[in-house]
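Note sheet for the following structure.
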Amino acid sequence: MTTKEYRPLTADEIQTLTDQGCSCDDWANVQVAEGFLADRVRVVTFSGTIRLGDNSGATGLCRTTKPNGIYNAHLDNCIVGDSVRIANIGSHIANYDIADGADIENVGRIDVCSGATFGAGVEIETLNEGGGREVPLFPRLDSQFAYLLCVHRHRPALTEKLLAMAEAEAAAQTSDRGKIGLTSIIRNVGEIEDVNIGDNAMIEGAALLQNGTVLSSLDAPTLIGAGVQAEDFIIGEGSNVAGGAIVCSSFVGQGCQIGKQFSSEGSLFFANCEGFHGEACSVFAGPYTVSHHKSTLLIAGLFSFYNAGSGTNQSNHLYKLGPLHEGKLERGCKTGSFSYMMWPCRVGPFSVVLGKHKGTFDTADFPFSYIEAHADGRAVITPGFNLTTVGTVRDGAKWPARDRRKGSVKRDRISFDVFSPLTVGRMITGMQRMKELQDATPREVEWVSLGGAAAKRLILRTGQKTYKSATHMYLLGKVIERMERGLEHGAAATDVLPVSPDAVYSEQWVDIGGQMMPIDRLNTLCADVESGKIADIDGLCTALDDIHSAYAEDEWAWVRKAYAQVFGSEIDDASSEDLVKVADAMFAARRKFLKLVLNDASKEFSDQVMTGFGQDGSGEDDLAADFTAVRGEYDTNKFVLQINAEIAELGDRVEKIKQALA
């Protein structure tokens, strides 16, 4: 709110206000700015210190406009900006600074108690419902900070320093006054208590907002809709919380959508998460965690890029010492309809879990797998089965395109790559483990254990082959991309093959709340926090941003080492003829991969999928015509066309590299 000069009311203005049903114990406590119109204030009770701005003009409401001013209200200790409309306040508005252009109408009560923290400092018992991993709320909370504090409790010095940062951030929010931001709209709301509201927010029809912060900005407005009940919360910019949602002791990050009677308790939702119909309890929902369906209970789980099928259910309570168990589904996992998992479990990236699992397993080294519950109680794993499915490829393309964060500041750092040092490194480890198990297992043995999940011994060879193909495709592709980058900048293709002196190599990579990095980067970051070199949120954010910016060079350092390990030769030792062979091998590997994806896509146009089409028709022609009218044809499908276009472009890319090398 801009600083402005105020003056006392004139005798004529006081008389006009009195004649219009207004009252005040001491009119000397009411001061007004230039542009104040007394006839725009009717049936209002003033108490405490009051400052009123220019109330000329009108506020647009859909197809109608209403005059600015204050009507049928009680204001206590409030500062009201310019061009504000306040009408029909059932009880009062107390201790608020109301910014220019705000529109507040049909509200029961809005007030702030002394020492309000607006949700900051509330401790969320995320991931473990029994406690021990608490994350305090504050407006600048991001997925990386929360992950380090929640998951890395094995580093007590780190925990202590991060908690101190969070406490400092929360203390800065403490105030006896609340804020309602520029051009915010608050209409048809029950009660608002101890809530800060950002610029351009719309709160329409909410039942109760208590002890929280609605972060919002002019370029990323936040919507709180009908029937919402929120207590002890922070909701991020550009989010939409509506449809009778219940948000209790929870954080909702930027660009999230929560609604359709969804309930959240003790949970953290970061960028672009979606929660509808179901329930979340003590959940750490990293970016792009999605739950759309009824009867879905997510509890005590760590997720990111996760899609929960209808009726997904988890159990963290073995009826012994309480609800103390945790589950970790790494990035990109999916659970099928009515899947059930008994914690503790850990599932490798981009895996699919089907059926009801009553045993625990750890398949972290076997990404892109199918894990299905059999009738005999076994969790049966098929390593790598999910690598060439249409869904996995579509996911990698859709996530960046579905980033709903519109503001200038995007707090969560997100690495979108499906194939990365994290996932490919896991595949290399998975290959080694399967090879060792295959060599050590007698031929007459039918089943073996992969991290507690059962696999047929014969599938070990297939799994190794699948992982090997994907690993070759990734490594060869990165070499070609690197050479192409050199050509784009006018350099020779081989000039960009060396590693940047600023790059960091670690064999192991980690996923920190959606941001991938070498573990040495993580260890350095944690050590700097523990030593005090990084002493506050600003310093931590800068360090994380620097790591995020270094992703490509760190990845290249990893690729070079992995290339030497997998192919048995250093990329620096490759001649031009060798690099031509690399280009040809990349083309063959990528083309084979895309062809397998197309084959999976073709199943969506099979005769079996057409079952039920052409109902009441006269034959096969009507069936095909109905299916085509609804689903289209395989050859003209958008996804199929994109994949075919990529295959065609591969040839052009390889030829350009060959010409440059020649």
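The values are calculated or read from the model by the stated rules, or taken from the named source; none is laboratory data. Note that the coordinates shown come from a computational prediction; the quantities given were computed from them, not determined experimentally. For neighbour counting, all protein chains shown are included, and Cβ atoms are generated from backbone atoms with ideal geometry for every residue, glycine included.
Points to keep in mind about this one:
- Answer residue from region 342-359, given it is more than 16 Å from S369 (Cα to Cα) and assigned to a strand (DSSP E or B) and is farthest from the chain's Cα centre (by Cα) among those: K356
- Condition check for E204: free of Cβ contacts under 8 Å to residues at least 40 places away in the same chain and charged (D, E, K, R): yes
- Meets criteria (farther than 25 Å from E649 by Cβ, among the acidic types (D, E) and within 32 Å of the chain's Cα centre (by Cα)) for D572: no
- Residue ID - surrounded by the fewest Cβ atoms within 10 Å (Cβ to Cβ), chosen from residues in region 218-237 that are touching a Leu at 6+ places or on another chain (Cβ under 9 Å) and touching a residue at least 24 places away in the same chain (Cβ under 8 Å): L218
- Number of the exception - Q254 against (1) surrounded by 24 or more Cβ atoms within 10 Å (Cβ to Cβ); (2) farther than 30 Å from G198 by Cα: (2)
Residues checked against (1) under 16 Å from G513 (Cβ atoms); (2) part of a strand (DSSP E or B); (3) modelled with pLDDT of 95 or more; (4) among the aromatic types (F, W, Y):
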residue: G243; (1), (2), (3), (4): no, no, yes, no
residue: V247; (1), (2), (3), (4): no, yes, yes, no
residue: S264; (1), (2), (3), (4): no, yes, yes, no
residue: P287; (1), (2), (3), (4): yes, no, yes, no
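- Taking the criterion of being in a loop (DSSP other than H, G, I, E, B), farther than 30 Å from A662 by Cβ, out of contact with any Pro (no Cβ under 7 Å at 6 or more places or on another chain) and of a type outside the set (D, E, K, R), the residues of region 491-519 that qualify are P501, Q508, G513.
- Output for region 388-428, where each listed residue is surrounded by fewer than 21 Cβ atoms within 10 Å (Cβ to Cβ), charged (D, E, K, R) and touching a helix residue (DSSP H, G or I) at 6+ places or on another chain (Cβ under 7 Å): R394
- When region 78-91 is filtered for residues that are touching a residue at least 40 places away in the same chain (Cβ under 8 Å) and touching a strand residue (DSSP E or B) at 6+ places or on another chain (Cβ under 8 Å), the ones remaining, listed by number, are I79, G81.
- Filter result (among the acidic types (D, E) and over 13 Å from the mean Cα position of the chain (by Cα)) within region 220-242: E231, D232
- Residues that are surrounded by fewer than 15 Cβ atoms within 10 Å (Cβ to Cβ) and assigned to a helix (DSSP H, G or I), drawn from region 609-627: E620, D621, D622, A625
- Single match in E105, E13 (criterion: at pLDDT 95 or above, acidic (D, E) and under 29 Å from L218 (Cβ atoms)): E105
- Residue in region 291-298 that is assigned to a loop (DSSP other than H, G, I, E, B), under 21 Å from V390 (Cβ atoms), touching a residue at least 60 places away in the same chain (Cβ under 8 Å) and not basic (K, R) present: no
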